[in-house]
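Asks: Structure below; questions to follow.
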Amino acid sequence: MSIAENLKHIQESIISAAQRSGRNPDSVKLVAVSKTKPAEAVKAALEAGQRIFGENYVQEFLDKAQQLPESVEWHFIGSLQSNKVKYLAGLTRLIHSVDRLSLAQEIDRQWGKVAKVCDILLQVNISGEATKSGTTTAELFQLAREVALLPHLRVKGLMTMPPFFDEPERARPYFRELKRLSELLAAEKIPGIAMEELSMGMSGDFEVAIEEGATLVRVGSAIFGERYYP
Ligand SMILES: *Cc1c(COP(=O)(O)O)cnc(C)c1O
(Lines give C-alpha, C1' and ligand atoms only; values in the text may rest on other atoms or scores of the structure.)
Protein backbone atom coordinates (compact mmCIF):
# COMPACT_ATOMS: atom_id res chain seq x y z
CA MET A 1 0.00 0.00 0.00
CA SER A 2 1.09 3.56 -0.64
CA ILE A 3 1.84 6.11 2.08
CA ALA A 4 -1.38 7.95 1.17
CA GLU A 5 -3.42 4.75 1.52
CA ASN A 6 -1.78 3.90 4.84
CA LEU A 7 -2.57 7.37 6.15
CA LYS A 8 -6.17 7.12 5.08
CA HIS A 9 -6.52 3.76 6.78
CA ILE A 10 -4.95 5.05 10.02
CA GLN A 11 -7.12 8.17 10.04
CA GLU A 12 -10.17 5.91 9.77
CA SER A 13 -8.93 3.75 12.66
CA ILE A 14 -8.34 6.88 14.74
CA ILE A 15 -11.90 8.05 14.12
CA SER A 16 -13.43 4.68 15.05
CA ALA A 17 -11.30 4.30 18.18
CA ALA A 18 -12.30 7.81 19.29
CA GLN A 19 -15.97 7.19 18.57
CA ARG A 20 -16.18 3.87 20.36
CA SER A 21 -14.73 5.47 23.49
CA GLY A 22 -17.07 8.47 23.29
CA ARG A 23 -14.37 10.92 22.28
CA ASN A 24 -14.30 13.61 19.63
CA PRO A 25 -12.00 12.35 16.82
CA ASP A 26 -10.68 15.92 16.46
CA SER A 27 -9.14 15.60 19.94
CA VAL A 28 -6.60 13.07 18.58
CA LYS A 29 -3.68 14.22 16.43
CA LEU A 30 -1.54 11.91 14.35
CA VAL A 31 2.24 12.38 14.57
CA ALA A 32 3.77 10.64 11.55
CA VAL A 33 7.08 9.22 12.73
CA SER A 34 9.47 9.57 9.81
CA LYS A 35 12.75 8.53 11.43
CA THR A 36 15.13 6.70 9.03
CA LYS A 37 12.79 7.50 6.11
CA PRO A 38 13.86 9.89 3.32
CA ALA A 39 12.49 13.40 2.75
CA GLU A 40 10.57 12.01 -0.26
CA ALA A 41 8.50 9.84 2.08
CA VAL A 42 7.66 12.89 4.20
CA LYS A 43 6.72 14.79 1.04
CA ALA A 44 4.37 12.01 -0.02
CA ALA A 45 2.66 12.11 3.39
CA LEU A 46 2.51 15.90 3.28
CA GLU A 47 0.82 15.77 -0.11
CA ALA A 48 -1.69 13.33 1.34
CA GLY A 49 -2.60 15.94 3.96
CA GLN A 50 -0.40 14.93 6.92
CA ARG A 51 0.96 18.00 8.77
CA ILE A 52 2.76 16.77 11.92
CA PHE A 53 5.95 14.70 11.72
CA GLY A 54 8.05 13.19 14.50
CA GLU A 55 11.80 12.70 14.35
CA ASN A 56 14.23 10.98 16.73
CA TYR A 57 17.71 11.99 15.62
CA VAL A 58 18.94 15.59 15.56
CA GLN A 59 21.17 15.43 12.47
CA GLU A 60 18.67 13.45 10.47
CA PHE A 61 15.93 15.91 11.42
CA LEU A 62 18.04 18.91 10.33
CA ASP A 63 18.88 17.35 6.97
CA LYS A 64 15.26 16.49 6.30
CA ALA A 65 13.72 19.74 7.54
CA GLN A 66 15.92 21.64 5.09
CA GLN A 67 14.32 19.79 2.19
CA LEU A 68 10.75 20.40 3.29
CA PRO A 69 8.42 23.40 3.44
CA GLU A 70 8.25 25.47 6.60
CA SER A 71 4.58 24.57 6.97
CA VAL A 72 5.61 21.16 8.36
CA GLU A 73 5.08 20.92 12.11
CA TRP A 74 8.06 19.01 13.51
CA HIS A 75 7.97 17.19 16.83
CA PHE A 76 11.06 15.76 18.45
CA ILE A 77 10.24 12.40 20.05
CA GLY A 78 13.59 10.68 20.60
CA SER A 79 15.95 10.68 23.52
CA LEU A 80 17.85 13.95 23.44
CA GLN A 81 21.36 14.81 24.56
CA SER A 82 21.67 18.26 26.10
CA ASN A 83 24.63 19.19 23.90
CA LYS A 84 22.45 18.82 20.78
CA VAL A 85 19.54 20.97 21.95
CA LYS A 86 21.08 24.10 20.42
CA TYR A 87 20.53 22.72 16.91
CA LEU A 88 16.80 22.37 17.51
CA ALA A 89 16.15 25.80 19.01
CA GLY A 90 13.06 27.37 17.51
CA LEU A 91 12.64 24.61 14.90
CA THR A 92 10.56 22.00 16.71
CA ARG A 93 7.00 22.72 17.76
CA LEU A 94 6.88 20.12 20.56
CA ILE A 95 9.51 18.00 22.32
CA HIS A 96 7.90 14.81 23.66
CA SER A 97 10.89 13.38 25.46
CA VAL A 98 11.91 15.64 28.35
CA ASP A 99 12.85 13.35 31.21
CA ARG A 100 15.29 15.31 33.37
CA LEU A 101 15.80 18.80 34.74
CA SER A 102 19.21 19.36 33.09
CA LEU A 103 17.65 18.77 29.65
CA ALA A 104 14.76 21.12 30.43
CA GLN A 105 17.22 23.80 31.56
CA GLU A 106 19.18 23.53 28.34
CA ILE A 107 16.01 23.76 26.23
CA ASP A 108 15.02 26.83 28.26
CA ARG A 109 18.42 28.41 27.64
CA GLN A 110 18.50 27.73 23.90
CA TRP A 111 14.88 28.79 23.27
CA GLY A 112 15.58 31.91 25.32
CA LYS A 113 18.36 32.81 22.89
CA VAL A 114 15.93 32.76 19.98
CA ALA A 115 13.34 34.57 22.11
CA LYS A 116 10.77 31.79 21.83
CA VAL A 117 8.95 29.47 24.18
CA CYS A 118 9.23 25.71 23.69
CA ASP A 119 6.28 23.41 24.30
CA ILE A 120 7.33 20.14 25.89
CA LEU A 121 5.95 16.92 27.31
CA LEU A 122 7.42 15.12 30.29
CA GLN A 123 8.30 11.53 29.42
CA VAL A 124 7.41 9.02 32.11
CA ASN A 125 8.91 5.53 32.37
CA ILE A 126 5.92 3.77 33.88
CA SER A 127 7.24 0.24 33.54
CA GLY A 128 10.51 1.15 35.26
CA GLU A 129 12.44 -0.82 32.60
CA ALA A 130 16.08 0.21 32.77
CA THR A 131 16.36 0.38 28.98
CA LYS A 132 13.56 2.94 28.63
CA SER A 133 14.08 6.65 29.09
CA GLY A 134 11.70 8.74 31.12
CA THR A 135 11.41 10.01 34.64
CA THR A 136 10.10 7.61 37.26
CA THR A 137 6.58 8.08 38.51
CA ALA A 138 8.01 8.99 41.92
CA GLU A 139 10.15 11.78 40.48
CA LEU A 140 7.56 13.15 38.06
CA PHE A 141 5.93 15.65 40.41
CA GLN A 142 9.20 17.16 41.57
CA LEU A 143 10.43 17.42 37.97
CA ALA A 144 7.17 19.11 36.94
CA ARG A 145 7.49 21.68 39.74
CA GLU A 146 11.06 22.52 38.78
CA VAL A 147 10.43 22.67 35.04
CA ALA A 148 7.39 24.90 35.61
CA LEU A 149 9.72 27.66 36.82
CA LEU A 150 11.63 27.88 33.52
CA PRO A 151 10.42 30.89 31.51
CA HIS A 152 11.04 29.60 27.97
CA LEU A 153 9.31 26.27 28.48
CA ARG A 154 5.68 25.30 28.66
CA VAL A 155 4.69 21.85 29.89
CA LYS A 156 1.74 20.68 27.80
CA GLY A 157 1.35 17.13 29.06
CA LEU A 158 2.91 13.70 29.38
CA MET A 159 4.37 11.04 27.11
CA THR A 160 5.12 7.37 27.65
CA MET A 161 6.39 4.29 25.82
CA PRO A 162 5.19 1.02 27.32
CA PRO A 163 7.28 -2.15 27.00
CA PHE A 164 6.89 -3.87 23.64
CA PHE A 165 4.02 -6.38 23.52
CA ASP A 166 2.73 -8.44 20.59
CA GLU A 167 -0.74 -8.07 22.05
CA PRO A 168 -1.80 -4.37 22.16
CA GLU A 169 -4.27 -5.00 24.99
CA ARG A 170 -1.32 -5.57 27.30
CA ALA A 171 -0.21 -1.96 26.83
CA ARG A 172 -3.55 -0.68 28.13
CA PRO A 173 -2.60 -0.51 31.85
CA TYR A 174 0.39 1.69 30.99
CA PHE A 175 -1.77 4.10 29.01
CA ARG A 176 -4.34 4.17 31.77
CA GLU A 177 -1.63 4.91 34.32
CA LEU A 178 -0.29 7.84 32.26
CA LYS A 179 -3.79 9.29 32.10
CA ARG A 180 -4.15 8.86 35.87
CA LEU A 181 -0.82 10.61 36.47
CA SER A 182 -1.84 13.52 34.24
CA GLU A 183 -5.05 13.94 36.24
CA LEU A 184 -3.14 13.86 39.53
CA LEU A 185 -0.68 16.41 38.21
CA ALA A 186 -3.47 18.64 36.87
CA ALA A 187 -5.07 18.57 40.33
CA GLU A 188 -1.86 20.04 41.79
CA LYS A 189 -2.58 23.21 39.78
CA ILE A 190 1.10 24.04 39.36
CA PRO A 191 1.36 27.41 37.59
CA GLY A 192 2.87 26.96 34.12
CA ILE A 193 1.82 23.32 33.79
CA ALA A 194 -1.01 22.37 31.46
CA MET A 195 -2.11 18.75 31.21
CA GLU A 196 -3.70 18.99 27.77
CA GLU A 197 -1.75 16.41 25.84
CA LEU A 198 -1.15 12.70 26.32
CA SER A 199 1.36 11.33 23.81
CA MET A 200 0.95 7.56 23.77
CA GLY A 201 0.38 4.79 21.27
CA MET A 202 2.43 3.67 18.25
CA SER A 203 1.71 1.54 15.15
CA GLY A 204 0.80 -1.57 17.13
CA ASP A 205 -1.30 -0.08 19.88
CA PHE A 206 -2.52 3.42 19.00
CA GLU A 207 -6.19 2.40 19.03
CA VAL A 208 -5.93 1.16 22.63
CA ALA A 209 -4.09 4.37 23.53
CA ILE A 210 -6.91 6.47 22.05
CA GLU A 211 -9.46 4.51 24.06
CA GLU A 212 -7.43 5.43 27.13
CA GLY A 213 -7.23 9.14 26.30
CA ALA A 214 -4.28 9.73 23.93
CA THR A 215 -4.35 13.14 22.22
CA LEU A 216 -1.16 12.51 20.21
CA VAL A 217 -0.40 9.12 18.68
CA ARG A 218 3.07 8.52 17.26
CA VAL A 219 2.80 6.19 14.27
CA GLY A 220 5.78 5.26 12.09
CA SER A 221 5.95 1.86 10.42
CA ALA A 222 2.19 1.61 9.79
CA ILE A 223 2.53 4.72 7.59
CA PHE A 224 6.01 4.48 6.08
CA GLY A 225 6.65 0.72 6.21
CA GLU A 226 9.18 -1.22 8.23
CA ARG A 227 12.47 0.40 9.19
CA TYR A 228 15.59 -1.48 8.17
CA TYR A 229 18.10 0.39 10.31
CA PRO A 230 17.72 1.84 13.82
C1 LIG B 1 9.95 4.98 16.41
C2 LIG B 1 9.05 5.57 17.43
C3 LIG B 1 7.66 5.54 17.28
C4 LIG B 1 6.95 4.89 16.11
O5 LIG B 1 7.03 3.50 16.19
P6 LIG B 1 6.22 2.55 15.17
O7 LIG B 1 6.10 1.27 15.91
O8 LIG B 1 7.03 2.46 13.94
O9 LIG B 1 4.91 3.19 14.93
C10 LIG B 1 6.89 6.16 18.25
N11 LIG B 1 7.45 6.77 19.31
C12 LIG B 1 8.78 6.80 19.50
C13 LIG B 1 9.33 7.49 20.70
C14 LIG B 1 9.62 6.20 18.58
O15 LIG B 1 10.95 6.21 18.79
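The values are calculated or read from the model by the stated rules, or taken from the named source; none is laboratory data. Bear in mind the structure is a predicted one, so any value in this text is a computation, not a measurement. Backbone-built Cβ (ideal geometry, glycine too); neighbour counts: all protein chains shown. Surface accessibility is based on the protein's heavy atoms, side chains included, excluding ligands, DNA and RNA. Shrake-Rupley method; radii C 1.70, N 1.55, O 1.52, S 1.80 Å.
Asks: Kindly indicate which of P173, P168 is more than 16 Å from the ligand (Cβ to nearest atom) and under 22 Å from E207 (Cβ atoms). Even if it seems obvious, please write down each step before you answer.
Replies: Numbers: P168 fails: more than 16 Å from the ligand (Cβ to nearest atom).
Just a single option satisfies the conditions, and that option is P173.
Asks: Follow-up question, since we're still on this one. For residues in segment 206-229 being surrounded by fewer than 21 Cβ atoms within 10 Å (Cβ to Cβ) and away from the ligand (no atom under 11 Å from the Cβ), which is modelled with the lowest pLDDT? Working first, answer last.
Replies: Let us first name the residues in segment 206-229 that are surrounded by fewer than 21 Cβ atoms within 10 Å (Cβ to Cβ), namely 207, 211, 213, 215, 221-222, 225-229.
Applying the additional criterion that residues be away from the ligand (no atom under 11 Å from the Cβ) yields 207, 211, 213, 215, 228-229.
On the way: E207: 98, E211: 98, G213: 98, T215: 98, Y228: 80, Y229: 65.
Restricting to residues being surrounded by fewer than 21 Cβ atoms within 10 Å (Cβ to Cβ) and away from the ligand (no atom under 11 Å from the Cβ), the top hit is Y229.
Asks: Output the residues belonging to segment 191-205 that are surrounded by fewer than 18 Cβ atoms within 10 Å (Cβ to Cβ) and more than 18 Å from P163 (Cα to Cα).
Replies: P191, G192, A194, E196
Asks: Filter segment 145-190 down to residues that are over 17 Å from the mean Cα position of the chain (by Cα), within 22 Å of Q105 (Cβ to Cβ) and open to solvent by 80 Å² or more (accessible area, probe 1.4 Å), then give me how many there are.
Replies: Of the residues in that region, 4 qualify.
Asks: Turning to a different aspect of this structure: Could we say that E47 is more than 22 Å from V208 (Cα to Cα) and either open to solvent by 10 Å² or more (accessible area, probe 1.4 Å) or without any contact (Cβ under 8 Å) to a residue 60 or more places away in the chain (or both) here? Explain how you work it out, then say what you get.
Replies: Working: more than 22 Å from V208 (Cα to Cα): yes; either open to solvent by 10 Å² or more (accessible area, probe 1.4 Å) or without any contact (Cβ under 8 Å) to a residue 60 or more places away in the chain (or both): yes.
Here the answer is yes, as E47 does meet what is asked.
Asks: Something else now. If a residue must be closer than 13 Å to M159 by Cα and either within 16 Å of the ligand (Cβ to nearest atom) or assigned to a helix (DSSP H, G or I) (or both), how many such residues does segment 180-205 contain?
Replies: Final tally of qualifying residues: 9.
Asks: Anything in segment 135-161 that is modelled with pLDDT of 95 or more and in a loop (DSSP other than H, G, I, E, B)? List them, or say none.
Replies: Listed by number, the residues that qualify are A148, L149, L150, P151, H152, M161.
Asks: Another question about this same structure. If we scan segment 64-84, do we find a residue that is open to solvent by 20 Å² or more (accessible area, probe 1.4 Å), within 23 Å of I210 (Cα to Cα) and assigned to a strand (DSSP E or B)?
Replies: Yes, the conditions are met somewhere in segment 64-84.
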